[in-house]
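Let me begin by presenting the structure, written as structure tokens, before commenting on it.
Just so it is clear, none of the values below were taken in a lab; they were calculated from the coordinates. The shown structure was predicted, so the numbers you read here are calculated from the model rather than taken from an experiment. Every residue, glycine as well, gets a Cβ built from its backbone with ideal geometry; the counts of neighbours run over all protein chains shown.
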Amino acid sequence: MINIYKLYLLKKFSKKIFLISAIFFSLVLIINLIEEATFLKNTDVKFFTPILLTILNGPSLLYEMFPFIFLISTQFFFIELFENKEIFTLRQFGLSNVKLLSFLSIISFLFGIFIIIIFYNFSAILKNEYLKVKNKYADDNKYLAVITKNGIWIRDISNKQKNTVIINADQIKDNYLINVSLTEFNEDFTVQKNVIAEKVDISDFNWILINAIITDSENQTVKLEKTFFKSTLNSQKINNLFSDLKSLNYFALQELKSNYESIGYSTNEINIQNHKIYSLPILLMLMTIISMIITINNKFKKNILINIIIGIFFSVIIYYITHFSNLLGENEKLPLILSVWLPVIVIFIICTIGVIKINEK
């Protein structure tokens, strides 16, 4: 009989998650559609382009909201149990608050596994397509940067001369490109200049080429200890070109990490993204627990509005804890990996305190 009730609870809890997810997804689509329409307002595009961009970007945005979706879904789940007095029936069949909490926690954890294996990779594929489409209309589309086992490749286009510059480097270390080959083409894609440099200081837009060998279009060669190259990119801008890791599925993320390591490029951001993925099932489980604690301890169980306000309040607090922790990591006040797990640890401590008393209710 208990197994039948567990199946019933599973269906009921799943329906709440899908319903709240659908509501959040609808809100995400509406808000994002406005943003995409604003972004494209000065471009000559067809009317369905903002819709396409919104659909492609929607799943990725929804993925970021799953912790709050599980918190609010759990609230509605328990509100309905209390309103229908099903909570008392469950207790008659031996399902105490702690047993019910354990059951829902396991379900939330399994949902989290499904989300990172299926939904995350699906959303990353769509995000990748989203960026491909959107970059056609972005000012930064003139930049192309990839990292492979053959080093870092960058395309830059001069604003004045409209020349295309292809840069290849073995490594990127701090503000320097190491073992650099720079080839400049005109609008007809004829080689104008080829430069080989030992290293290039890219901390500013005026690059400093050290120990450079320059060959012009007439095949004349000159060696210079130091020369300059005016670029539209600097180290900060180049790093930003590689920063959107949400567009990579898990396997592409690991391949990129391997490529980064092969050229000595920092893998910190990839490690952070990996740990964000790993922590999601645990975070969803903890959000379910804290939501149950809030609802069962709430004296206003019949007031849906108050419950929602409390849920939103805790969601905001958790969001700012996460944001603050990430800032500490970025500013190197905390180890980067700890900055990802610190909010999870804080929520775990809160849940542990709440679970101690929850079975007395």
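A straight line joining the Cα centroids of the stretch 85-121 and the stretch 1-65 runs 23 Å. Ordering W153, W341 by the number of other Cβ atoms within 10 Å of each residue's own Cβ, fewest first, gives W153, W341. Positive end of the dipole of the chain (Cβ unit charges, origin at the Cα centre): among L110, N307, F25, the Cα lying farthest that way belongs to N307.
Where in the stretch 33-109 are there chymotrypsin sites (Phe, Trp or Tyr not before Pro) that are in a DSSP coil and have at most 16 other Cβ atoms within 10 angstrom of their Cβ?
Details: sites: F39, F47, F48, Y63, F68, F70, F76, F77, F78, F82, F88, F93, F103, F109; in loops: F47, F48, F93.
Those that pass, being in a loop and sparsely packed, are F47, F48, F93.
Taking other C-beta atoms within 10 angstrom as a stand-in for reagent exposure, K237, K162 fall in the order K162, K237, fewest first.
Just flag the chymotrypsin sites (Phe, Trp or Tyr not before Pro) in the stretch 162-195 sitting in loop per DSSP whose Cβ has no more than 12 other Cβ atoms within 10 Å. Those satisfying the criteria are F189.
In the stretch 175-258, what GluC sites (Glu not before Pro) fall in a loop by DSSP, with at most 15 other Cβ atoms inside 10 Å? Walk me through the numbers on the way to the answer.
Numbers: sites: E184, E187, E198, E218, E225, E255; in loops: E187, E218.
In loop regions of the stretch 175-258 (DSSP not H, G, I, E or B), the sparsely surrounded GluC sites (Glu not before Pro) are E187, E218.
The per residue volume of the convex hull around the alpha-carbon atoms of the stretch 144-232 is 92 Å³. Near I72: Cβ cut-off under 14 Å, other residues only, Lys/Arg at +1 and Asp/Glu at -1. The net charge is +1.
How much length would be gained if the chain were fully extended between T38 and K237, taking 0.36 nm per residue of separation minus their Cα-Cα distance, in nm to one decimal? The partial results should precede the final answer.
Numbers: separation 199, 0.36 × 199 = 71.64 nm, distance 2.40 nm.
The span from T38 to K237 would gain 69.2 nm if fully extended.
Rounded to a whole number of µm²/s, how large is the Stokes-Einstein D of the stretch 59-211 at 10 °C and 1.306 mPa s, given Rh as the Kirkwood radius over C-alpha pairs? Diffusion coefficient, whole number: 76 µm²/s.
Sorted largest first, the principal axis extents computed over the alpha-carbon atoms of the chain equal 92, 46, 31 Å. How large is the translational diffusion coefficient of the stretch 158-291 in µm² per second when you combine the Kirkwood radius over alpha carbon pairs with Stokes-Einstein at 10 °C and 1.306 mPa s? Taking Rh from Cα pairs, D becomes 91 µm²/s.
Cβ crowding within 10 Å, taken as a proxy for footprinting-reagent exposure, orders D44, D204, D156 from fewest neighbours to most as D44, D204, D156.
Taking 18 Å as the cut-off, no amide N atom of the stretch 6-44 comes nearer than this to a point 7 Å along the Cα-to-beta-carbon line of K162.
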